[in-house]
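The values are calculated or read from the model by the stated rules, or taken from the named source; none is laboratory data. This is a predicted model, so every value here is computed, not measured. Side chains are part of the model used for accessible areas, which takes the heavy atoms of the whole protein and leaves out ligands, DNA and RNA. Shrake-Rupley method; radii C 1.70, N 1.55, O 1.52, S 1.80 Å.
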Amino acid sequence: MMEFLSSQWLDILTTILGLIYIWLEYRAHIALWVIGVIMPALDIVLYWQHGLYGDAGMACYYTFAALYGFYVWKFVKTRKKKEPLPIIFMPRRQYLPTIVFFFVAWAAVYYVLVTWTDSTVPLLDSFTNALSFVGLWALARKYVEQWVFWMVVDGVCTFLYIKKGIPFKAMLYGLYVVIAIAGYLKWRSMAKTVKSNR
């Protein structure tokens, strides 16, 4: 009973933090990275309790990736004008390496899950993990397309969390899909269609 309550409260707390996170991301506010450290640290425990080992591992990555994202947004400047990085569209030269990395990461995470865990959803769990790697990288670089990656990840995660009995998290990720669409439209209107020198 205590384990269930602990899991339930973690579900609710991380859902609240997730709402704050997505609101900050929508506004392109640097404080999103602070929540981006706290929330996944709690998610590690939540996901492990429900046998989502891939997501638990991903939450570890999220924690460290948030530190990287904060560093890039705060300290990395454009080469020419030394200004904060602008929101831009992903350069075409990044397409092929991104696709290759995604499939390699998907295969690697899938192998880990089926070899060393008792995950019941290794294919989808590894899929969302691999695409999340790409999504976080794109977010850190302020690419508009990061929202497209999250639309797919959030849709699949909504299904997984319903299946795994994490209702609040499922509702959060369902909402994430809607916000990701709105975020894409907002960032697209804010994007600078210039050649990236990064």
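So what is the accessible area of the range 1-114 per residue, in Å², with the probe set to 1.4 Å? Numbers along the way, then the final one.
On the way: 6700 Å² over 114 residues.
So the range 1-114 comes to 59 Å² accessible per residue, rounded to a whole number.
Cross-chain or 8 or more residues apart, Cα under 30 Å: how many lysine pairs in the chain fit that? Count them up, please.
28
Only Cα pairs within less than 10 Å get springs; with that Gaussian network setup on the chain, which residue of 86, 122, 97 has the largest fluctuation?
Residue with maximal mean-square fluctuation among 86, 122, 97: 97.
Roughly to the nearest percent, how much of the accessible area of the chain is carbon and sulfur, given a 1.4 Å probe? Present the calculation step by step, with values, prior to reporting the outcome.
Details: 7450 of 10410 Å².
Summing carbon and sulfur atoms, their accessible area is 72 percent of the total for the chain.
Given H placed 1.01 Å from N in the peptide plane, which residues other than close sequence neighbours of residue 90 have an amide H under 5 Å from its amide H?
Residues meeting the amide H criterion: 144, 145.
Using a ≥ b ≥ c from the Cα gyration tensor of the range 1-140 (square roots of the eigenvalues), is it rounded, prolate or oblate, where a/c under 1.5 gives rounded and otherwise the larger of a/b and b/c decides, a/b for prolate?
Here the range 1-140 falls in the oblate category.
Relative to the longest principal axis of the C-alpha atoms of the chain, give the angle of the C-alpha long axis of helix 167-190, reported between 0 and 90° and rounded to the nearest 10°.
Approximately 10 degrees, to the nearest ten.
Once each part is reduced to its C-alpha centroid, what is the distance from the range 62-131 to the range 134-171 in angstrom?
12 Å
Divide by every residue of the chain the summed helix terms, -39500 (n - 2.57) for each DSSP H run of at least 4, and state the resulting mean residue ellipticity at 222 nm, rounded to the nearest 500 deg cm²/dmol.
Numbers: 7 runs with 149 residues, N = 198.
Only helices count here, giving -26000 deg cm²/dmol.
How far is helix 146-163 tilted off the main Cα axis of the chain, in degrees rounded to 10, range 0 to 90?
Between helix and principal axis, roughly 10 degrees.
Does the range 91-198 come out rounded, prolate or oblate by the C-alpha gyration tensor, with a ≥ b ≥ c the root eigenvalues, rounded set by a/c under 1.5 and, if not, prolate when a/b is larger than b/c and oblate if not?
On the way: a/c = 3.71, a/b = 1.38, b/c = 2.69.
Because a/c hits 1.5 or more and a/b fails to exceed b/c, the range 91-198 counts as oblate.
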